[in-house]
C-alpha cells in the first residue's frame, strides 16, 4: 500500500506534532512584525514625526503582499494537507505548482497597479502632507513595486514547505530574513546613506532582506522538489483539473480577504486619524505595530496548526481533529491574554521605544495601544475557527467570519463611534468588531462540530500505484480494497 512518507502527520503524537508545526510558525510570524517594527524603531531615532508617519502609514500597502501570498499559500496549504490525508500525492504537487505561478502573476499585476496609482494611494492612506507624501511614496516604490514579488513568493514558499511537515525549514527563511533586516536597517539608514535619507535606507534594507529570504526558499525548492511529495513548480493541465483552483481559492480567499480588509481598515483608520494631526497619526501607527505582535503570534499558531487539522479531518480522524482545534484555541487564548497584560502594564514604555518620551504622540500611542489590546483574546478565538474552516475546506464560513472581523463591522463602527467619542472612538471600533466576530465564530464552530465532528470515519484513498480506491478505518493500518475509476480519486 502506498503510504504517506511524512510521518509527522501520520505517526507523531498530536501534541508533539502540534508543537513542531506551531512553534516555528509562530516565531516566523512574530519575526515579520519584529522587522517591520525595527523600521519604526530606527526611524524613531531621527526624532521626526514626519519620518515615523511616512513609514507607518505604508503598512497597509505593504501588507497586501501578505494578502496575496495568503490567498495562494494558505489555500494551497489546506488543499495539499487534505490531499495528503487521502494520500493523493500528484494532487499535492499540482496544487503547489498552481499556487506558485498564480501568486507570481498576481503579485506582478499588483505591483504594476501600485506604480500607476502611487500618488492616489499615498494620499488615501494618510500621506497628504507634502513631506510625508514624498517619503512614503519612495518607501512603497522600493518595498512594494520593486521588491514586492520576492516578498510574496517568499511567504508563499514558507506556507507550502510547512505543509510538507518542515515547519522549521520554512521558519528559518522567514526568521533569517527578519534578522537580516534588523541588521541592515541601521547600516543603510545611518552609515551608507547621508542624513535625511533614513526612510529610503529602511526601504532598501527591507527589500534586500526579503530578496535574500526568497533566494533561500528558491534554492530549497530546486534542491528538494524532485524527491518531494509536495514541492513542485511544474505547471501542467492537471494543475487546473480536479477542482484544484476552486479548492485553493475557496480556502485561501478568506485568509486573503482578512488580511486585505485588515489593511483597508487600517488605511481608513489612518485617513480618519489624519484630521487630528501628525502626532495622533504617529501614535496610532506605533500602537498598531506593537499590538500586531499579539495578532501575529496567534495567527502563526493558527496557521501552523492548519495542515495538522486538515490532514486529520481528511483522514477521517474526527477525535484528533477536535483535539487539535481545542489545543489551538487554548494556546492562542493564553498567548493573547499574556500580550494584553504586557500592553496594559507597559503601554507607555512600549510606545516610548519608538517615540520620544513625553511627546504628545507618546501619550496618544499609549492610550491607543490599551484600547486596541482589548480585542486580542477575542480575535485569537476568531483566528482559530477561521483557520479551522479553511483547513477542512469550508471556505464560505471562513470568508463570512473574516469579513465580519474586518470590513463589514469595523469600518462602519469607526464612523459611528468616532462621532460619539472623537479620535478614541475610531480606535475602539477595532476591538468592538473583534468581540462580535468571536461570538459568531464560536456559534459557527459549535453547529459544525455537532454535525461533522462526532465520530471517526473511514478514509477513502486513491492508490496511485494500483489505480484502486482503498478504504482505511481512521487510525488503523488495514482496510479493504475496491476497484475504482480515477474520477473517484477525490
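Nothing in this text is a laboratory measurement; each read-out follows from the coordinates by a stated rule. Keep in mind it's a predicted model, so treat the numbers as computed, not measured. Backbone-built Cβ (ideal geometry, glycine too); neighbour counts: all protein chains shown.
Summed over qualifying helices (DSSP H, 4 residues or more, each -39500 (n - 2.57)) and divided by its residue number, the chain shows a 222 nm mean residue ellipticity of -25000 deg cm²/dmol. At full extension, residue 191 and residue 276 could sit 27.2 nm farther apart than now, given 0.36 nm per residue minus the alpha carbon distance.
Legend: calculated FRET efficiency, residue 134 to residue 360, from the Cβ-Cβ distance at R0 = 25 Å, rounded to 0.05, equals 0.60. Protection proxy ranking of 425-431, 220-226, 241-247, 332-338, by the mean of other Cβ atoms within 10 Å over each peptide's residues and highest first, is 425-431, 332-338, 241-247, 220-226.
Based on Cα contacts under 8 Å between residues 6+ apart, the range 69-142 shows a relative contact order of 22 percent.
Look at the alpha carbon pairs under 8 Å that are at least 6 residues apart: their mean separation over the length of the range 7-456 gives a relative contact order of 24 percent. A full extension of the chain between residue 235 and residue 101 corresponds to an added length of 47.5 nm, given 0.36 nm per residue minus the alpha carbon distance. Classified by the C-alpha gyration tensor, the range 222-315 has a prolate form. Its axis ratio a/c, with a ≥ b ≥ c, is 1.5 or above, and a/b is larger than b/c. Take every Cα pair under 8 Å whose residues are at least 6 apart in sequence, average their separation, divide by the length of the range 276-357, and the relative contact order is 40 percent.
Potential lengthening of the chain between residue 112 and residue 41 amounts to 22.6 nm, from the contour at 0.36 nm per residue minus the alpha-carbon distance. Approximating the spin labels as points 7 Å out from Cα along Cα→Cβ, the residue 326-to-residue 403 distance works out to 3.3 nm. Computed from the C-beta positions of residue 16 and residue 223, the FRET efficiency with R₀ = 22 Å rounds to 0.25. Looking at the square roots a ≥ b ≥ c of the eigenvalues of the Cα gyration tensor of the range 147-197, which shape do they give, rounded for a/c under 1.5, prolate if a/b is larger than b/c, or oblate? Cα axes put the range 147-197 in the oblate bin.
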